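S.K.: Dumping the structure here so I can ask a few things about it.
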Amino acid sequence: MAAYLKVLPLFIMVFPGMVSRVLFPDEVACADPEICREVCSNPAGCSDIAYPKLVLELLPTGLRGLMMAVMVAALTSSLTSIFNSASTIFTMDLWNHLRPRASEKELMIVGRVFVLLLVLVSILWIPVVQASQGGQLFIYIQSISSYLQPPVAVVFIMGCFWKRANEKGAFFGLVLGLLLGLVRLILDFIYVQPRCDQLDERPAVVKDVHYLYFSMILSSVTLITVCAVSWFTEPPSKEMVSRLTWFTRHDPVVQKEQVPSATPPPLTLSQNGTPEASGTNIQFEMVQENMSKTHSCDTTTKRSKVVKAILWLCGMENKGKEQAPSRADPVIVSLEENPLVKTLLDLSLIICISCAIFLWGYFA
């Protein structure tokens, strides 16, 4: 289903842009920088207003407002998901590594502040997006993806199909690939594409190498790095690749030997208040938990309404009674495939590839 949905951008993104360019040649397809500045306040070009211009000029009043609301809602949904994902990655992977003992409230505040910083950076980045790639947002997105996504894709594919790939190979492949992609990205920002009536004096690596060709070069460099480093370092153990790659998906499960940990028994409190190593008295951890709960209850009663509003806004309001989450049983996923489903998937794959080749050849 996802493969069939990838055909839709041709009809919902490419064709409307072509129609808008034909219907409004002086506005969407403006060539003079002064005219473009008057139309869309961007001297690099007005290609980004093709779809909104088509909606506002051709659709009736009710449907026009509905489509504008849909576009704004889609934009808001995309931005919120991206901001939340980025703040989660920063908070859990970076900040939690710098401050391992950070409380839940601190992590929540750091996540909210990071979202605000992302919003400010996004607003300040708008002129850069308008000036790059001739003012075409879609081309800008594709170029950024070609500079940053190939190393990640190559490492993922190598991990799925080559059981000799190890952690060091993936690490150095990602580092080298992302560094090369960032260098090309910075060069694109420094050397902006000139207008049609200007001489192109950019470096050859920017002027003569298209971003799609650069993605192929970047993928090849990452692939060679992963293979070389993985081959000259220690291979992963059997339990690391068992049933986790394509060629080992049917291997038996290799259990890693569990070494019993020598953990001391929990401290308990005796009747006179002295800690003991064992016994059936009240555990020391439970006493600390009860003391923290009573302290939190006392502090919540003394908080003002302003503090409560700030805590509510940050998602840190105290709840009355919290039940301990029950441990769910581990889900055992089977790799066995129904023969009928396998046949249907193979036929669907052949149909999808045939449709893609036909559309490619017909519209090319």
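S.K.: Could you give the length gained on full extension between A356 and V14, defined as 0.36 nm per residue of separation minus the Cα-Cα distance, in nm?
M.R.: 121.6 nm
S.K.: How far is it, in nm, from the label point at F156 to the one at F138 when both lie 7 Å from their Cα along the line to the Cβ?
M.R.: 2.3
S.K.: Between T88 and E106, what is 0.36 nm times their sequence separation minus the Cα-Cα distance? Round to one decimal in nm.
M.R.: 5.2 nm
S.K.: What is the spin-label model distance, in nm, from Y191 to S220 if the labels are put 7 Å beyond Cα along the C-beta direction?
M.R.: Going from the Y191 label point to the S220 one covers 2.0 nm.
S.K.: Evaluate E = 1/(1 + (r/R0)^6) for L79 and F247, where r is the Cβ-Cβ distance and R0 equals 30 Å; express this FRET efficiency to the nearest 0.05.
M.R.: 0.15
S.K.: Of the cross-linked pairs K6/K207; K163/K342; K105/K305; K105/K168; K6/K53, which ones have a Cα-Cα span greater than 28 Å in the structure shown?
M.R.: K6/K207; K105/K168
S.K.: While we're on this one: Using a/c under 1.5 as the rounded threshold, could you call the range 71-184 rounded, prolate or oblate? The axes a ≥ b ≥ c are square roots of the C-alpha gyration tensor eigenvalues, and prolate needs a/b larger than b/c, oblate otherwise.
M.R.: Numbers: a/c = 2.08, a/b = 1.07, b/c = 1.94.
Oblate is the answer for the range 71-184, as a/c is 1.5 or above yet b/c matches or exceeds a/b.
S.K.: So, one more: Taking only Cα atoms of the range 135-247, what ratio of Rg to Rh do you get with Rh as the Kirkwood inverse-distance radius?
M.R.: Expressed as Rg/Rh, it is 1.12.
S.K.: Additional query: Could you calculate the contour length gain from M68 to E234, that is, 0.36 nm times the residue separation minus the distance between their Cα atoms, to one decimal place in nm?
M.R.: Contour length minus the Cα-Cα distance gives 54.1 nm.
S.K.: Could you tell me which of S219, T233, F189 has its Cα farthest along the dipole of the range 146-251 towards the positive end, charges placed at Cβ (Lys, Arg +1; Asp, Glu -1), taken about the Cα centre?
M.R.: T233
Computed from the coordinates by the stated procedures, all read-outs in this text should not be read as laboratory data. As the structure is a computational prediction, the values presented were derived from the model and not from experiment. Neighbour counts are summed over all protein chains in view; Cβ atoms, including those assigned to glycine, are modelled from backbone coordinates with ideal geometry.
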